[in-house]
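Dropping the structure in here first, questions after.
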Amino acid sequence: MNGAPHRCFYIFWTLLGAIAAVATSGCATSTLAVAETGQTPAHVVVANRTDYTWKLTFALKGQVALSATLLPRQTVDLALDAGEYRIEQSVVGGTDESHLGQVLTERFEEGRTYRWPLVTLLSDATTASF
């Protein structure tokens, strides 16, 4: 039974990752941008709905395009060039929560806005919505 919360989290995060790139509109509290290329950027609005500090790294064509640290309950708007990214997420700090980290691949289209709620099973349900 001790491993059940970890399996549930993995299943939940896998499902969340599958729908993370649903395009919608919105705004956020701060914006981080990659180098300008002349194209309209894709916006990825990441809302940290956990009590953890997370580090997100977005790599495009093998090169780190953007790295962001999200404090607990922080929301950021990331402006990224269109393309397929390798995204690494990990918990920052002295906690032993390495099982919460994940590597995934996602494609972002020029001019689109994507919402990514960063949640865990223990996130406060009253703050877990956009």
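The values are calculated or read from the model by the stated rules, or taken from the named source; none is laboratory data. Computed from a predicted structure; not experimentally measured. Glycine also receives a Cβ, built like all others from the backbone with ideal geometry; neighbour counts cover every protein chain displayed.
Are any residues in region 62-82 part of a loop (DSSP other than H, G, I, E, B), buried (at least 18 other Cβ atoms within 10 Å of the Cβ) and within 13 Å of the chain's Cα centre (by Cα), and if so, which ones?
Gln74
Further, regarding this structure: Inside region 106-130, can you point out the residues that are at pLDDT 75 or above, outside any strand (DSSP E or B) and not hydroxyl-bearing (Ser, Thr, Tyr)?
Across region 106-130, the qualifying residues are Glu109, Glu110, Gly111, Arg112, Val119.
Turning to a different aspect of this structure: Restricting to region 90-105, name every residue that is surrounded by fewer than 18 Cβ atoms within 10 Å (Cβ to Cβ) and either modelled with pLDDT of 85 or more or part of a strand (DSSP E or B) (or both).
Correct list: Ser90, Val92, Gln102, Val103, Leu104, Thr105.
Looking only at region 48-61, which residues are under 12 Å from the mean Cα position of the chain (by Cα), under 17 Å from Leu104 (Cα atoms) and not polar (S, T, N, Q)?
Trp54, Lys55, Leu56, Phe58
Right, another one. Answer with yes or no whether Ala59 is at pLDDT below 95 and surrounded by 15 or more Cβ atoms within 10 Å (Cβ to Cβ).
Spelling it out, it is not the case that Ala59 is at pLDDT below 95 and surrounded by 15 or more Cβ atoms within 10 Å (Cβ to Cβ).
Give just the number: which of (1) modelled with pLDDT of 95 or more; (2) surrounded by fewer than 16 Cβ atoms within 10 Å (Cβ to Cβ) does Tyr85 not satisfy?
Here Tyr85 clears every test but (2).
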